[in-house]
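Sharing a structure, written as C-alpha cells. Questions coming.
Values quoted throughout were computed directly from the atomic coordinates according to the rules given, and no laboratory measurement underlies them. Source: prediction; values computed, not measured. Note that each Cβ is placed from the backbone with ideal geometry, even for glycine, and that neighbours are counted across all protein chains shown.
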C-alpha cells in the first residue's frame with residue numbers, strides 16, 4: 001500500500017505588467033473626473049491669511065465659484081495635462097508596488113499581518129515619489145497661477161502667462177534635475193504616511209461584502225469602489241497637514257505679502273505661528289472629496305482586471 005502526499009498549492013504568480021496598465025488606466029479616469037476639485041484644494045491650501053484677516057476665498061464653494069467666473073470651464077482644468085500625462089506612471093507605480101510588496105511580504109502560510117501591510121503600503125508610497133514630486137510641482141504652479149495673477153492684478157501688476165513645459169525647462173536650466181524635485185521630503189512625508197493608512201484599511205474593508213462569481217475570490221466591483229472611497233477619504237484627512245506643507249513648499253510664486261518657506265520645519269513653524277492649527281486642515285474637505293472617488297475609481301478599474309482582459313491573460317487574486 002502506497003500513500004501519496006497531498007498536492008502542494010502552486011505559488012501564485014505575480015504579473016507586474018497588467019497591474020501597471022490597470023494602475024495607469026485607473027489614474028487617467030480618476031483624475032479626469034476630480035481635477036477641478038483638486039485645483040480648488042490647491043488654491044485653498046496656498047492661500048495665506050492677511051494681517052487683517054483678509055483672504056481671497058472664504059471656503060471651497062466660494063473658491064469654485066470665483067475660479068469658474070474668472071477663468072471659465074477650462075480654467076478649472078489648468079494643469080491637468082501634466083497631471084494626466086504623469087498620473088499613469090504614478091498610479092501604476094503606487095498600486096503595482098503595493099501589490100508587489102504585499103506579495104513578497106506574505107508569509108509561507110499565506111498570512112499578511114497588519115504591520116506587513118503597513119510596510120508594503122509605506123514602501124509603495126516611497127516608490128511613487130520619483131514621479132509624484134515633479135508632477136505635483138508642475139501641477140501646483142499651473143493650478144495656483146490664477147490665484148496669484150488675480151491678487152497681482154488687484155495690486156495693479158500683471159503676471160505673464162506660462163506653461164508647465166516652460167516652467168520645467170526653466171527649472172532644468174537653472175537648477176538641473178534637482179529643480180524638479182523641490183519639496184521631495186514633504187512629498188515623501190505625505191505619500192508614505194498616506195499609503196501606510198490607505199492600503200491596509202482598503203484591504204480590510206475590501207474583505208467584506210459579496211465576491212465575484214468567476215471563482216477568483218475578488219470582491220464585487222462596487223465593494224472595491226466603496227472600499228476605495230472610504231479608505232481614501234479617511235487617509236486623505238489624516239495626512240492633510242502634510243499635504244498643506246507640501247503644497248506651500250512647492251508653490252514657486254507667491255502672491256504679494258505671502259511668506260516663503262525654507263523646508264518642512266520652517267513651513268510648519270511659520271504656518272502655526274501666523275495662522276494656527278486650523279491652517280493645516282485647509283482644503284481638507286475638498287481633498288477628501290477628491291481622493292474618495294479617485295481611489296474608488298482606481299481600485300474598481302484595478303480589480304476589474306481591464307488589462308488582463310486586454311492582454312488575454314488570467315487574473316490572479
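With n ≥ 4 as the cut-off for DSSP H runs, can you work out [θ] at 222 nm for the chain, using -39500 (n - 2.57) per run divided by the number of residues, rounded to the nearest 500? List each step's numbers first, then the result.
Values: 11 runs with 216 residues, N = 317.
Here the helix-only value at 222 nm equals -23500 deg cm²/dmol.
Still on this structure: When the chain is fully extended, how far beyond the present Cα-Cα distance does residue 158 get from residue 172, taking 0.36 nm per residue of separation? Could the numbers behind the result be given before it?
Numbers: separation 14, 0.36 × 14 = 5.04 nm, distance 2.50 nm.
2.5 nm is the gain from fully extending residue 158 to residue 172.
OK, next. Taking the chain as a Gaussian network, Cα atoms linked when under 10 Å apart, which of 144, 109, 218 shows the biggest mean-square fluctuation?
109
Which distance in nm do the two modelled labels at residue 70 and residue 112 give, with both placed 7 Å along the Cα-to-Cβ direction?
Simple spin-label model gives 4.5 nm for this pair.
Then there is this: What translational diffusion coefficient, in µm²/s and rounded to a whole number, does the Stokes-Einstein relation yield for segment 109-184 at 37 °C and a viscosity of 0.692 mPa s, taking the hydrodynamic radius as the Kirkwood radius over Cα pairs?
Details: Rh = 15.2 Å.
Answer from the Stokes-Einstein relation: 215 µm²/s.
State the Cα centre-to-centre distance between segment 100-155 and segment 172-227 in whole Å.
Their Cα centres are 8 Å away from one another.
Something else now. Compute a Gaussian network model of the chain, connecting alpha carbons closer than 10 Å, and tell me which residue from 232, 53, 121 fluctuates the most.
Between 232, 53, 121, it is 53 that shows the largest mean-square fluctuation.
While we're here: Could you point to the label whose value was computed as Rg and Dmax of the Cα atoms in Å for the structure here, given [x] 21.6, 97; [y] 18.0, 52; [z] 20.6, 81?
[x]
First obtain the Kirkwood hydrodynamic radius of segment 166-284 from its Cα pairs, then insert it into the Stokes-Einstein equation at 10 °C and 1.306 mPa s, and state the resulting D in µm² per second as a whole number.
This corresponds to a translational diffusion coefficient of 94 µm²/s.
For the pair residue 84 and residue 61, how long in nm is the line joining their label points, each one 7 Å along Cα→Cβ?
Between residue 84 and residue 61, the simple spin-label model gives 3.0 nm.
Do you know the relative contact order of the chain, to the nearest whole percent, from alpha carbon pairs under 8 angstrom that are 6+ apart? Walk me through the numbers on the way to the answer.
Details: 463 pairs, mean separation 83.8, N = 317.
This gives 26 percent for the chain.
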